[in-house]
Structure formats: structure tokens, C-alpha cells
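The structure under discussion appears below in the form of C-alpha cells.
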Amino acid sequence: MAVTGLIMIGFLLIHMYGNLKIFSGAEAFNSYSAWLREAFYPILPHKGLLWILRVVLVVSVLLHMWSAFTLWSRDNKATGGGRRYASSRASKGLQRSFASRTLRWGGVIIALFVIFHILHFTAYIIRPGGMPTDTPYDRVMIGYSPENWWITLIYVVALIMLLFHLRHGIWSALTTLGANTSVKARKTMDVIAWVVSIVIIGGFLLTPIAVLTGIVS
């Protein structure tokens with residue numbers, strides 16, 4: 001779970017960086033999109049890099065979900081379906097954060113959102129406002145336009161869920177990989193988890209909000 005999660009976090013950072021090309025204008029954004037399809041040609045075929053990334057991501061997602069189910073099953077067997085981290089010192093007798101409590105259902109919501117995102121910007125099956133398919137820049141402009149404000153709202157809600165999922169996921173991954181060795185280390189891990197999560201989610205939110213408000217048009 002930790003390794004596949006870190007692979008997906010790496011993808012999110014790259015994807016977020018690519019999205020920010022929108023602030024450089026239509027030519028820069030479209031050129032970046034075209035480069036992704038032609039990268040390392042002729043060593044790789046047309047769209048070769050994209051398909052490699054897609055396969056790695058699909059495998060990572062499936063392994064991540066399998067790991068989550070396996071850990072959930074072990075947890076239920078170990079506790080008999082009872083509460084984890086019970087503590088008289090914690091609020092409501094349960095020593096868990098909001099991020100950890102919503103981790104599983106948050107993962108389900110994120111998975112549904114990813115399907116929506118693919119249908120929206122990759123497969124072009126969801127086309128609010130008659131979304132054109134001529135350039136990636138135009139698709140983003142119309143997809144997040146004020147007329148399609150509900151699309152932006154869906155993205156904002158999903159990204160907020162992803163923020164909590166990332167924060168707890170990064171902290172847990174660092175723990176799994178052996179970084180949780182002291183109180184000081186835990187504080188450092190907490191800072192890293194929040195900073196990386198906020199950078200990723202903040203970067204992703206910039207594009208839809210900038211288009212919706214007319215900063216980019």
C-alpha cells in the first residue's frame with residue numbers, strides 16, 4: 001500500500017505541474033499535451049509514454065485497492081469488528097483523526113471521481129456545453145467555464161477529499177517505510193504530509209478556479 005501510494009503521489013505531482021502550464025497560454029499548454037504523445041519517439045511508439053504511465057497507474061491502483069481490502073480484513077479479524085485506537089483520553093473515546101476515519105470511503109469517492117475525470121477530459125464522453133475536442137486548452141476552458149460551474153464544484157469537493165486522503169496516506173507510508181522512529185520524527189512526518197498534500201491539492205485547484213473566475217480565459 002505504501003509503495004503504490006507513493007507511485008500515485010509521484011504521478012499527481014507530475015500531472016499537477018503539467019496542469020499549471022495553462023497559465024503560460026494556449027500554445028504552451030497544447031505543446032505540452034502534444035509532447036506527452038510524442039515523447040521518446042521513435043524509441044517509443046506514438047503515445048507510448050502515455051500508455052506506459054497508464055499501465056503503471058492502473059496496476060498501482062489495483063494493488064492499492066487490494067492492499068486496502070487485505071488490511072481491512074486483517075483489522076476486522078484482529079478486533080472482531082470493534083474500534084481501533086480506543087482511548088479514554090481521546091475525543092469520543094476514539095483516538096483517530098478525521099483523515100484516518102474517512103480514509104476508506106474517501107478512497108471510494110476519489111476512485112469514482114477519477115472515472116468521472118477520465119470520461120470528462122480523456123474519453124470526452126462527458127461534454128458539458130458541447131465541449132470541443134480540437135485542443136486540450138479549449139477543453140479546459142469550456143470544462144471549467146462559469147456556465148459549467150457545477151463541474152468545478154465536483155472537482156473542488158473531490159480534491160478536498162483527496163487532501164485528507166493524501167495527508168494520512170503520506171504519513172502512513174512514511175511510517176510503513178520506517179521513518180516513525182521518535183517524537184521528533186513524527187512531527188517532521190506530519191509537516192511533510194501536510195506540505196506535500198497542500199502543494200498537490202493547491203496546484204490542482206488553481207486551474208479550475210482560475211478559469212471559473214476569468215483569470216485565465
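Values as computed for the structure displayed
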{"read-out": "Close pairs (7 angstrom Cβ cut-off, 6 or more residues apart or separate chains): within 25 Å of Tyr17 (Cα to Cα) in segment 176-201, not in a helix (DSSP H, G or I) anywhere", "value": "Met189/Ala179; Met189/Asn180"}
{"read-out": "Complete set of residues in segment 119-135 that are modelled with pLDDT of 85 or more and surrounded by 14 or more Cβ atoms within 10 Å (Cβ to Cβ)", "value": "His120, Phe121, Thr135"}
{"read-out": "Meets criteria (under 17 Å from Thr122 (Cβ atoms), modelled with pLDDT of 95 or more and either assigned to a helix (DSSP H, G or I) or β-branched (Val, Ile, Thr) (or both)) for Phe23", "value": "no"}
{"read-out": "Selection within segment 30-58 - over 19 Å from the mean Cα position of the chain (by Cα), assigned to a helix (DSSP H, G or I) and either of a type in the set (Lys, Arg) or on the phi > 0 side of the Ramachandran plot (or both)", "value": "Arg37"}
{"read-out": "Condition met for Val61 (under 25 Å from Ile201 (Cα atoms), in contact (Cβ under 8 Å) with a residue 12 or more places away in the chain and within 17 Å of the chain's Cα centre (by Cα))", "value": "yes"}
{"read-out": "Residues being surrounded by fewer than 16 Cβ atoms within 10 Å (Cβ to Cβ) and not in a helix (DSSP H, G or I) - total across segment 138-194", "value": "6"}
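The values are calculated or read from the model by the stated rules, or taken from the named source; none is laboratory data. Nothing here was measured: the structure is a model prediction, and the numbers come from that model. A quick note on method: Cβ atoms are made from the backbone with ideal geometry, for glycine too, and the neighbour counts reach across all protein chains shown.
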